[in-house]
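**Q** If you scroll down you'll find the structure; I have some questions about it.
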């Protein structure tokens, strides 16, 4: 019986034609196993959403239909000068030279002649806008 030395053993098996396919198979099996483990972890902490009972549905519908505190704004005079503009859906007003003024659609524009008029209507000056 001939005992192979360590260097002879490595030289016989390291350069064999089966080493690359073996590495590919081992990497594939390892990746598949890790994928299965990650699937088990994701199933363990899954989010469950339950439908609310009938009483909660009616209560939520009522709260969405009528907001508790809707802002009240006074009527605007259509003949006043147009120095400041705001959106009827927003809370900020802009001077005509401000970049935000150009982004308001024509059908949503509310015009004011003075700062006091805009603030009386419940609007505040936009942060990126300075008064002239």
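**Q** Can you tell me which residues in segment 69-99 are modelled with pLDDT under 85 and under 28 Å from the mean Cα position of the chain (by Cα)?
**A** The answer is 69, 70, 71, 99.
**Q** Then there's this: Run down 57, 27, 110, 115 and say which single residue is surrounded by 10 or more Cβ atoms within 10 Å (Cβ to Cβ), more than 26 Å from the chain's Cα centre (by Cα) and at pLDDT below 75.
**A** Result of the check over 57, 27, 110, 115: 57.
**Q** Further question: Sort out which residues of segment 118-132 are buried (at least 18 other Cβ atoms within 10 Å of the Cβ) and under 14 Å from residue 82 (Cα atoms), and write them in order of number.
**A** Correct list: 118 only.
**Q** While we're here: Given 82, 88, 105, which one is in contact with a helix residue (DSSP H, G or I) (Cβ under 8 Å, 6 or more places away or on another chain) and surrounded by fewer than 17 Cβ atoms within 10 Å (Cβ to Cβ)?
**A** The conditions single out 88.
The values are calculated or read from the model by the stated rules, or taken from the named source; none is laboratory data. The shown structure was predicted, so the numbers you read here are calculated from the model rather than taken from an experiment. Because the Cβ atoms are built from the backbone with ideal geometry, glycine has one as well, and the counts that use them run over all protein chains shown.
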